[in-house]
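Right, one structure below, let's go through it.
Values in this text are rule-based calculations from the coordinates and carry no lab data. Note that this is a predicted model, so its numbers are computed, not measured. When we count neighbours, we look across all protein chains shown, and the Cβ atoms used for this are built from the backbone with ideal geometry, even at glycine.
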Amino acid sequence: MSMAITSAAALVLVALLLWLVNAYVPLAANMKRIVNIVGALIVVGIVLWAINTYIPMAGSIKAILNIVVVLGTCVGVLQALGLWDEIKDLARNFTDYRIVRRHRIGHPPEPQA
């Protein structure tokens, strides 16, 4: 039970530190964004650790939950850094071409609505 209180206290401490940094510490916008991303990663880690430690569930379900949380966190970090749209465009460009006998053949453009 004391570990649950410790993890809750850690979450409160991280939230308090993030609030203080955002409210009172004069930082450039890019630095505040990085501090917020790091704080969010810490919070996600603490919550995921608490779920894995204190909620009884099957190992396979726990593994799926961990994978989903990690992928969602990666997408969130990429969105916060402004890189998600570039990755989507890269994936779209990659799938818009097919290779036939070592030649790239582009799909016809979709009609504009």
Obtain the nm distance between the two label points defined at Gln79 and Asn52 by a simple spin-label model: each point lies 7 Å from its Cα along the Cα-to-C-beta direction. 2.4
How large is ³J(HN,Hα), in whole Hz, for each residue of region 47-62 in order, when computed from phi with the Karplus curve 6.51 cos²θ - 1.76 cosθ + 1.60 and θ = phi - 60°, using x for Gly and Pro? 5, 5, 4, 5, 5, 5, 7, 9, 9, x, 7, 5, x, 5, 5, 4
So for each of 84-92, 53-61, 35-43 I average, over its residues, the number of other beta carbons within 10 Å; can you give me the resulting order with the highest mean first? 35-43, 84-92, 53-61
What spacing in nm lies between the two simple spin-label points modelled at Arg33 and Lys62, each 7 Å away from Cα in the Cβ direction? 3.7
Using 0.36 nm per residue, how much length does the chain from Leu41 to Leu90 gain when fully extended, once their Cα-Cα distance is taken away? 15.1 nm
Counting alpha carbon pairs within less than 8 Å and at least 6 residues apart, what relative contact order, in whole percent, applies to region 2-83? 35
